[in-house]
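Notes for the one structure printed next.
The values are calculated or read from the model by the stated rules, or taken from the named source; none is laboratory data. Small disclaimer: the values here were computed from a predicted structure and weren't measured. Neighbour counts are summed over all protein chains in view; Cβ atoms, including those assigned to glycine, are modelled from backbone coordinates with ideal geometry.
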Amino acid sequence: MNKIALIAATGLLLSGASAFAAGKSCDELKTEIAAKLDAKNVTGYTLDIVETDKVGEQKVVGSCEGGTKKIVYAKK
């Protein structure tokens, strides 16, 4: 596979993964993100589900329900 084809294939895979994650329920995605953080021994954080237009300066760690909501991360 040549370099251009490999780059194109990688881009398609990544865009498909993003579209899939955007369609997940927020609770399901929040649980998955929390599990990954817990597996890395991250403590003292909160994950909140907010409307996209309410994100402001918060750290977005996920998008759900077709992109209408975001999951934001904050240290306690």
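Assorted remarks:
- Selection of first residues in segment 49-70 that are within 14 Å of Thr31 (Cα to Cα) and of second residues that are in a loop (DSSP other than H, G, I, E, B), restricted to Cβ pairs under 7 Å at least 6 apart or on distinct chains, gives the following pairs, ordered by first then second residue: Cys64/Lys24; Cys64/Ser25; Lys70/Val55.
Okay, residues lined up against (1) part of a helix (DSSP H, G or I); (2) closer than 16 Å to Val72 by Cα; (3) more than 12 Å from the chain's Cα centre (by Cα); (4) at pLDDT below 90:
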residue	(1), (2), (3), (4)
Ala9	yes, no, yes, yes
Ser15	yes, no, yes, yes
Phe20	yes, no, no, yes
Lys24	no, yes, no, yes
Thr31	yes, yes, no, no
Ala35	yes, yes, yes, no
Val42	no, yes, yes, no
Val50	no, yes, yes, no
Gly56	no, yes, yes, no
